[in-house]
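Participant: Here it is, the structure in full.
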Amino acid sequence: MEPCEKDLLPLVRRAIRGNAEAYGTLITRYQDYLYRVAFLYVKNEDLALDAVSECILQAFQAIRTLKKPEYFKTWLTRILIRCAIDIFRQTLPIAPMDTVQAAAPEPAVSSEEKWDLYDAIDVLPERYRTVIILKYFSDMTIREISYAMNIPEGSVKAYLNRARGELRHCLKEDYLYAI
Amino acid sequence: MPFKFDEIPVSTKLDETVKAALDQIKKEKRRKSGRKFLVGCTSVAAAFAAAVIFCVSNPALAAKLPLVGSLFAGLEDDFPYAGDYSDRAQILTPPETPAALETPGEGQAGGEAPAGEEGSAPEDTVAPAEGPYSATDSGLTFTASEIYSDGLSVFLSLQIHSEEAFGFNYDWTEDGDGGKPARDETGNLIPLPASLYPVGRAYIDSEEVVFDSTRLFVEQLDEHNFNGMIKTDLPASMRGMGGSHTMQVSLQHLLADFCDETGAPVSNEENIMDTSLQIDGAWELELPFTADIGSTQVFNNLSSSKDPGQITDVYVSPYQAVVNFVPCSDEWGNPEGGAVCFDENGTLLEKGNQSTDFGSDVFSLDFGPDKKQPAELRLYVIEDWIASCKIRDEETARKQAVSSLTLPLSR
């Protein structure tokens, strides 16, 4: 498992000791990745930037509790997801996340229409959307997703199966095979 | 993969946003560093720092300092693991090596003349005596000095001796001003705890435990010698129980970060991102210890409720408090939550560096010999772990808590 490149581990170790320079180097290395993951959640430039900014601050505050340096990227992703969800919630303060249909509501899509995954994930409940983003956009393994979401690997697989079931209506055949 | 994650356009404002966040972190860190330094100047820590400066500039004399058998007492002030375990620790390697014949006072204050030329001398540096709790390979010797267990964790002090000279461990980023090294009033570089990372595995009675090298804290005595201590948590099955045990430590690498005398970090020629140095080898240590639970208080079954946040067990030793609670749930119904702890005066107890999984938190205490222990612990469980890390005052904890408990301690 290579959630964090080996050549970055020394920097992670320094960052865990509170070295802000090392932490800054790591963040710079991952900033595009962080932005893209955040954008997948909030689909808005300013909100994605807010999520990245908040993630950077929160992660440094908590970095001494990171127990395994090799999990840095996954751990950072986990914090980013939380930040993105919090910010997304602020834009939709009433509906619980699990029931939110983030962008286009499903009835607006006929079975004939074929979305790509980028659009399709918006119709998923939060937990399914998260596993899809981490698996297919962040390229995480099942084990890494398990760590990022703090759920058992079996649950990750179950969510993936269910998410794929939800997506079946709106994805092209090619994508289904790819999944 | 048909999904073009990398083609999601990145905001042109991202660089600016990231820089602003990192600047905020550095600014905050500078502020804390400055405060820490001012406090340190009037404290024992400053005296210790002066001693280390002395050692760095006088490696031969540094080698005369006691190296084994009494490391805890010298290390405790500079490390986040509270407490001086000296009075309770089992001495694994008695201080009988030539390097340790003098007392700390004699070695530091007496100013005994070095055996060789000042600043030269690897040959002046006294290698540790081999013993049953030493392991040597690749020119590197690990010597276990003292070991102590409070029934919750194992605290181990180590001496590390290298035949080859290392650089010095100045933190060139601490003052945060353009990467210049931090210097004291006389212009000398301020040495900070060394960055050594032994990589390997540890077992207690054959049960593997997390041996986290980032939690090893090391002081550099000279170019060849380092003293350090590490805390390793006991497996849950042994927590709060006494008895004799054996800790096996099996190391495969030693990584090190250091700087040259100008304060510039020493780069690895093959990979600039890598540590300054990596030494491969095989070092095996087998260390007997007895869990001392005489001063450890165990509070089991505090709540029979399975409601989220209910505090179930608390373990209090003179050096730490471990709080177990029923995990809360996050958005996905998964374990979450963190505990916050105050004493009877409303003083926040810092979370330890080795908080375990969700549903358990560790707090630093220090009421060893001659120190007054808290009369009670006030515990709060917060639904969100990150929020629990942010809390600094009891009122906020009270407002955010999903459960709380005041625990009187016996004296």
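Participant: Determine which member of the set A:ILE87, A:ILE81 is outside the structural domain of A:ARG129 (by TED's automatic domain parsing), farther than 26 Å from B:THR232 by Cα and either over 11 Å from the mean Cα position of the chain (by Cα) or not in a helix (DSSP H, G or I) (or both).
Facilitator: One residue alone meets the criteria, A:ILE87.
Participant: Which one is farthest from the chain's Cα centre (by Cα), of the residues in the range A:1-16 that are open to solvent by 40 Å² or more (accessible area, probe 1.4 Å) and within 7 Å of chain B (Cβ to nearest Cβ)? Step through it out loud before you land on a result.
Facilitator: Going residue by residue through the range A:1-16, those that are open to solvent by 40 Å² or more (accessible area, probe 1.4 Å) are A:1-2, A:5-7, A:14.
From the residues that got through so far, the ones that are within 7 Å of chain B (Cβ to nearest Cβ) too are A:7, A:14.
Numbers: A:ASP7: 23, A:ARG14: 25 Å.
The qualifying residue farthest from the chain's Cα centre (by Cα) is A:ARG14.
Participant: Go through the range A:133-158 residue by residue and tally those that are within 24 Å of B:ASP6 (Cβ to Cβ) and either among the aromatic types (Phe, Trp, Tyr) or more than 13 Å from chain B (Cβ to nearest Cβ) (or both).
Facilitator: Looking only at that region, the number is 7.
Participant: Looking only at the range A:153-172, decide whether some residue is closer than 25 Å to B:CYS328 by Cα and either at pLDDT below 70 or among the acidic types (Asp, Glu) (or both).
Facilitator: yes
Participant: Now a separate question. From the list A:TRP115, A:TRP75, exactly one residue is out of contact with any helix residue (DSSP H, G or I) (no Cβ under 6 Å at 6 or more places or on another chain) and modelled with pLDDT of 50 or more. Which is it?
Facilitator: Exactly one residue qualifies, and that residue is A:TRP75.
Participant: Could you list, in sequence order, the residues of the range B:383-403 that are free of Cβ contacts under 8 Å to residues at least 60 places away in the same chain and closer than 19 Å to B:VAL322 by Cβ?
Facilitator: The answer is B:TRP385, B:SER388, B:CYS389, B:ILE391, B:ALA397.
Participant: For the range A:3-17, indicate whether the set of residues that are closer than 19 Å to A:ILE85 by Cβ and without any contact (Cβ under 8 Å) to a residue 12 or more places away in the chain is non-empty.
Facilitator: no
Okay, residues lined up against (1) in the same structural domain as B:ILE91 (by TED's automatic domain parsing); (2) open to solvent by less than 50 Å² (accessible area, probe 1.4 Å); (3) at pLDDT 80 or above:
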position	(1), (2), (3)
B:GLU163	yes, no, yes
B:ASP184	no, yes, no
B:SER195	yes, yes, no
B:PRO198	yes, yes, yes
B:ILE204	yes, yes, yes
B:VAL209	yes, yes, yes
B:ARG215	yes, yes, no
B:ASN225	yes, yes, yes
B:MET229	yes, yes, yes
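Participant: Considering only residues that are among the aliphatic types (A, V, I, L, M), out of contact with any helix residue (DSSP H, G or I) (no Cβ under 8 Å at 6 or more places or on another chain) and within 19 Å of A:ARG36 (Cβ to Cβ), which ones fall in the range A:135-159?
Facilitator: Across the range A:135-159, there are no qualifying residues.
Participant: Among the residues that make up the range A:62-69, is at least one of them open to solvent by less than 10 Å² (accessible area, probe 1.4 Å) and either in a helix (DSSP H, G or I) or facing another protein chain (nearest Cβ under 8 Å) (or both)?
Facilitator: Within the range A:62-69, one or more residues are open to solvent by less than 10 Å² (accessible area, probe 1.4 Å) and either in a helix (DSSP H, G or I) or facing another protein chain (nearest Cβ under 8 Å) (or both).
Participant: For residues in the range A:24-58 being aromatic (Phe, Trp, Tyr) and more than 7 Å from every other protein chain (Cβ to nearest Cβ), which is surrounded by the most Cβ atoms within 10 Å (Cβ to Cβ)?
Facilitator: The extreme case among them is A:TYR41.
The values are calculated or read from the model by the stated rules, or taken from the named source; none is laboratory data. Just so you know, these numbers come straight off a predicted model, no measurement behind them. Virtual Cβ from ideal backbone geometry, glycine too; neighbours counted across all protein chains shown. Ligands, DNA and RNA are stripped out before the accessible areas are found, and what is left, the full protein with its side chains, is counted by its heavy atoms. Shrake-Rupley method; radii C 1.70, N 1.55, O 1.52, S 1.80 Å.
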